[in-house]
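The values are calculated or read from the model by the stated rules, or taken from the named source; none is laboratory data. These figures come from a predicted structure and were not determined experimentally. Neighbour counts are summed over all protein chains in view; Cβ atoms, including those assigned to glycine, are modelled from backbone coordinates with ideal geometry. For accessibility, only protein heavy atoms count, side chains too; no ligands or nucleic acids. Shrake-Rupley method; radii C 1.70, N 1.55, O 1.52, S 1.80 Å.
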Amino acid sequence: MHRGRSSRLRSVLFDMDGTLVQTEEYWSEALFELAAALGGRMSAEARASTVGTSMQRAIGVLHADLGVVRSEQQALADARWVEERVAELMGGGIPWRPGARELVAAVRAAGLRSALVTTTPRRLTDIVLARMIADLGDDPFDTTVCGDEVPARKPDPAPYLQAMAALGVRPEDSVVIEDSLVGVTAGLAAGAAVLGVAGLQPVPPANGLTHVDTLAGIGVPELADVLAARHVEYSAP
């Protein structure tokens with residue numbers, strides 16, 4: 001993937017679920033259990049379409065997939081149940097995705113600015129972040145932006161723009177790492193180069209996006225390549 005390195009890389013912004021940690025399975029289990037409690041079965045296609053989205057949208061997709069009508073109050077209760085169930089499942093362990101732990105540590109060691117930018121609510125994010133800190137021995141992120149702390153969620157660029165402002169960095173000097181279509185869309189809309197990691201949801205090619213199957217073997221030089229490729233696309237006639 002070495003296509004010319006750039007010394008302009010200043011910051012790396014990481015998505016969480018499905019990108020750094022293997023927690024998407026917990027969300028799947030909770031959603032499938034809720035569907036069963038409502039008397040149906042959520043399709044794999046519907047589940048895949050919820051990856052990276054807000055809980056409100058995920059619950060709406062589930063209800064539509066099952067063909068059930070729930071009141072606003074019932075929908076809020078369903079969302080709370082899913083969040084509580086995911087928190088329970090996280091108690092059994094939060095495994096890193098391949099190469100993620102090493103990359104987070106390498107970014108920190110290189111002195112780059114870093115952020116965790118997730119659609120997950122703060123209370124669940126803090127559970128994962130505490131496990132990361134315990135594993136790494138230090139907080140690897142300079143700032144953390146959660147889904148309940150932004151004016152608009154992914155695919156809107158607001159979460160990434162908020163994180164960049166907190167870091168004091170420019171989009172053109174930043175790489176976003178994502179596994180979902182909404183996340184990739186948000187990162188590109190924010191003006192960053194994006195490294196897309198294969199996950200539960202297919203993500204089509206796009207200008208500024210570099211695809212990889214895994215973060216294993218990815219380090220700071222490879223992230224600089226992702227940024228350099230973005231600038232080459234911008235300068236092409």
Being outside any helix (DSSP H, G or I), at positive phi and modelled with pLDDT of 95 or more narrows G39, G52, G93 down to just G39
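The rows are residues; the columns are (1) touching a Ser or Thr at 6+ places or on another chain (Cβ under 7 Å); (2) under 22 Å from A105 (Cβ atoms); (3) polar (S, T, N, Q).
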position	(1), (2), (3)
I177	yes, yes, no
S180	no, no, yes
L215	no, yes, no
D225	no, yes, no
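The rows are residues; the columns are (1) touching a Phe, Trp or Tyr at 6+ places or on another chain (Cβ under 9 Å); (2) over 21 Å from L129 (Cβ atoms); (3) aromatic (F, W, Y); (4) free of Cβ contacts under 8 Å to residues at least 24 places away in the same chain.
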{"position": "G39", "(1), (2), (3), (4)": "no, yes, no, no"}
{"position": "V51", "(1), (2), (3), (4)": "yes, no, no, no"}
{"position": "V61", "(1), (2), (3), (4)": "no, yes, no, yes"}
{"position": "L66", "(1), (2), (3), (4)": "no, yes, no, no"}
{"position": "V69", "(1), (2), (3), (4)": "no, yes, no, yes"}
{"position": "D78", "(1), (2), (3), (4)": "no, yes, no, no"}
{"position": "V82", "(1), (2), (3), (4)": "yes, no, no, no"}
{"position": "R97", "(1), (2), (3), (4)": "no, no, no, no"}
{"position": "R101", "(1), (2), (3), (4)": "no, no, no, no"}
Over the range 133-176, the set of residues in contact (Cβ under 8 Å) with a residue 60 or more places away in the chain, under 19 Å from L223 (Cβ atoms) and of a type outside the set (G, A, S) is F141, Y160, M164, L167, V169, R170, E172, D173, V175, V176
Mind counting the residues in the range 134-162 that are open to solvent by 60 Å² or more (accessible area, probe 1.4 Å) and not in a loop (DSSP other than H, G, I, E, B)? 4
Identify the single condition in (1) among the acidic types (D, E); (2) more than 18 Å from T125 (Cβ to Cβ); (3) out of contact with any Leu (no Cβ under 9 Å at 6 or more places or on another chain) that E172 does not satisfy, given that it satisfies every other one. (3)
Going residue by residue through the range 48-66, is there one that turns out to be under 16 Å from the mean Cα position of the chain (by Cα), closer than 30 Å to V107 by Cα and open to solvent by less than 10 Å² (accessible area, probe 1.4 Å)? yes
Within the range 124-133, take every residue that is among the β-branched types (V, I, T) and within 14 Å of the chain's Cα centre (by Cα) and give me the one that is surrounded by the fewest Cβ atoms within 10 Å (Cβ to Cβ). V128
